[in-house]
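J.: Quick one: this structure, given as structure tokens, is what I'll be asking you about.
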């Protein structure tokens, strides 16, 4: 099934940035600090570099199958049965990520601004937004994403207000590398989680006008570069603002810092940051649910519209169960499953393709036969 | 048309979902706190004293707003328990987090002040921009005094502290930034030191209270000393006015405003850690009656005179800091950041006793005013 709809590399940039930057942003400085201490930004840099490599591999894989998404070419590479199983697992993975985002988003909102609001209301709002945002063609999604990219920049700009704080101390970044190379490397497994979202490229490359040309790669690379810089900046600014011991007890350093900022007419900038951040998280959800619905409609041979409904309902029910039973299973396993689905599977697929010389053309031959 | 209808129906379904209705906090139900003070009373209990502000909108005189203040106190073995005690005694919700200024009584300040502040940080609604001050007496007394005399109460104290910060009389510290200092092993801080002036019956800032680790040392710096120390830290505001007496007999004084500071810090380890600080001040003269500042010799001699006086003053200042082991300058952090090997040898609670500071000040006179 060849996909329709053509996107340029600029669009790919927007989609990728919006898919990656999301829910992990707020607690990222706290998480990197646990292992890498003040060198958290280095481990972000290293992770960013590795993601570039993985994106390159995904591109190499996808350029063999122009206009085919993962859900199609997996069957070509692995055969029909195994491919279908993989597709199913991949859909489950995408849906799990959405559940995770739902839960973290609700939890953060409840802790920071809406302590009295019942959790299911917030989940329901997300559910409605998910349905509303994903029942559309990729073009509609793109115009939404390129508009909402503005809010990413606004998030960036809000942090400028922090600089006038007199307790800012650049010395907290020094001595560089004091936590040892091993700890910094080990911390990359935590920072990796905030980069997930790039695996949606397995789907989006299919929509590219010229996915074979190098310009497709350029769009993806510049997006990853932007994300790395953005996350690094967020980690650095939090490290500079908070003393090391303080960072250990602050769950959302970015919000905590912003809640103290006061400009002439506004105080509590964290509330503004949170509402922008909500939009950014929203785009991540749409991107994931769009990809998942593509897979579902492919798997069950139903219309995209119904696939979105199915995905949304599934996510809503699971996240409500997990939220109220306080199951933290996803958070613990996310690191591992995202590593499997975002890194190991694409790389394996690439190797199989190269070794067994699978190509898009072979599908049609099979069909003809 | 049908599509439009379904859209409308959908809208109605979305309407009740608008969150926030659960979290509305009506002004009429809460009691706004403008000023809170914390004291230690017998048996290790904490006492909170607060001024609540009520706004009464009267029906009769065309909605005119009248403001009344109420003084409340409550005891408890923790800060939270004490505020619950107050909550029981006032109508509406008592919310100590909203205070613009927090006053620490001397007994509280001499202990670990984080014990008092912890409850505040756990509240997401707390105003992290609140100012913190230490008194030479109990906080209760200062607040009682304020509630009788000043109309603006909390605002008055806030403005008092704020204007001192603008004039570089005290370090700019808020509830947020103090937490950074409290958790920093290589840095101490100073807080405004309030006291009641008996002669004219007013609350004043007497200087800056020196802290060591998390507790008040009992010593404080005069406003001039504190300004000088802020210059060493490079944390002065736009205005940093100082006055020196040049000649005791002729009573010649010079006042100057520091425009620019450049600091050079060298740390080396011998028997002790020696910190050589070279401070260059670019100043503009704002008050110097003998004048003749158009002559280069006069400027030169004034510069050298000022440099000498200030170097001497810096010596006494750092002796005072060493006595109290108060590392307001943040030398410990400097060691952590740039000399980790030295830091490893001396780190601990009282690392500051291993550090000897040798300050040197050089003054450059710049002309930035309309006359020489």
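Please treat every number below as a calculation from the coordinates, not as lab data. In this text the structure is predicted, and so the values were computed from the model without any measurement. Methodologically, a virtual Cβ is constructed for each residue, glycine included, from the backbone with ideal geometry; neighbour enumeration extends over all protein chains shown.
J.: Any residue that is more than 14 Å from chain B (Cβ to nearest Cβ) and farther than 21 Å from residue A:305 by Cα - is there at least one of those in region A:104-118? Before the answer, list the steps.
T.: Start the filter on region A:104-118 by keeping residues that are more than 14 Å from chain B (Cβ to nearest Cβ), which leaves A:104.
Now restrict to residues that are farther than 21 Å from residue A:305 by Cα: A:104.
Within region A:104-118, one or more residues are more than 14 Å from chain B (Cβ to nearest Cβ) and farther than 21 Å from residue A:305 by Cα.
J.: Please report, ordered by residue number, the helices (runs of 4 or more DSSP H) entirely within region A:238-336 with at least 1 residues that are within 14 Å of another protein chain (Cβ to nearest Cβ) and farther than 28 Å from residue A:93 by Cβ. Lay out the reasoning, then the answer.
T.: Working: elements: A:244-249, A:253-258, A:269-300, A:304-325.
The qualifying helices (runs of 4 or more DSSP H) are A:244-249, A:253-258, A:269-300.
J.: Take residue A:64 and decide whether it is over 18 Å from the mean Cα position of the chain (by Cα), closer than 13 Å to residue A:358 by Cβ and outside any helix (DSSP H, G or I). Step through it out loud before you land on a result.
T.: Values: over 18 Å from the mean Cα position of the chain (by Cα): yes; closer than 13 Å to residue A:358 by Cβ: yes; outside any helix (DSSP H, G or I): yes.
Taking the combined requirement at face value, the residue satisfies it.
J.: Could you say which residue among B:239, B:268 is on the phi < 0 side of the Ramachandran plot, touching a strand residue (DSSP E or B) at 6+ places or on another chain (Cβ under 9 Å) and not in a strand (DSSP E or B)? Steps first, answer last, please.
T.: On the way: B:268 fails: not in a strand (DSSP E or B).
Result of the check over B:239, B:268: B:239.
J.: Give me the helices (runs of 4 or more DSSP H) completely within region B:284-362, filtered to those with at least 1 residues that are out of contact with any strand residue (DSSP E or B) (no Cβ under 9 Å at 6 or more places or on another chain) and within 14 Å of chain A (Cβ to nearest Cβ), ordered by residue number.
T.: Details: elements: B:296-324, B:331-338, B:340-346.
Hits in region B:284-362: B:331-338, B:340-346.
J.: So, of the residues in region A:146-186 that are in a helix (DSSP H, G or I), within 26 Å of residue B:330 (Cβ to Cβ) and without any contact (Cβ under 8 Å) to a residue 60 or more places away in the chain, which turns out to be farthest from the other protein chains (Cβ to nearest Cβ)?
T.: Taking region A:146-186 and keeping what is in a helix (DSSP H, G or I), we get A:146-164, A:170-173, A:181-186.
Of the ones still in play, those that are also within 26 Å of residue B:330 (Cβ to Cβ) are A:159-164, A:170-173, A:183-184.
Filter once more, keeping what is without any contact (Cβ under 8 Å) to a residue 60 or more places away in the chain: A:160, A:163-164, A:171.
Values: A:160: 17, A:163: 14, A:164: 10, A:171: 4 Å.
Among them, the one singled out is A:160.
J.: Of A:121, A:98, A:91, A:138, which residue is under 13 Å from residue A:319 (Cα atoms) and in contact (Cβ under 8 Å) with a residue 60 or more places away in the chain?
T.: On the way: A:121 fails: in contact (Cβ under 8 Å) with a residue 60 or more places away in the chain; A:91 fails: under 13 Å from residue A:319 (Cα atoms); A:138 fails: under 13 Å from residue A:319 (Cα atoms).
Testing whether each residue is under 13 Å from residue A:319 (Cα atoms) and in contact (Cβ under 8 Å) with a residue 60 or more places away in the chain leaves just A:98.
J.: For region A:310-336, what are the residues that are within 18 Å of residue A:291 (Cα to Cα) and buried (at least 17 other Cβ atoms within 10 Å of the Cβ)? Break it down stepwise before answering.
T.: So in region A:310-336, the residues within 18 Å of residue A:291 (Cα to Cα) come out as A:310-316.
Hits for region A:310-336 are A:310, A:311, A:312, A:314, A:315, A:316.
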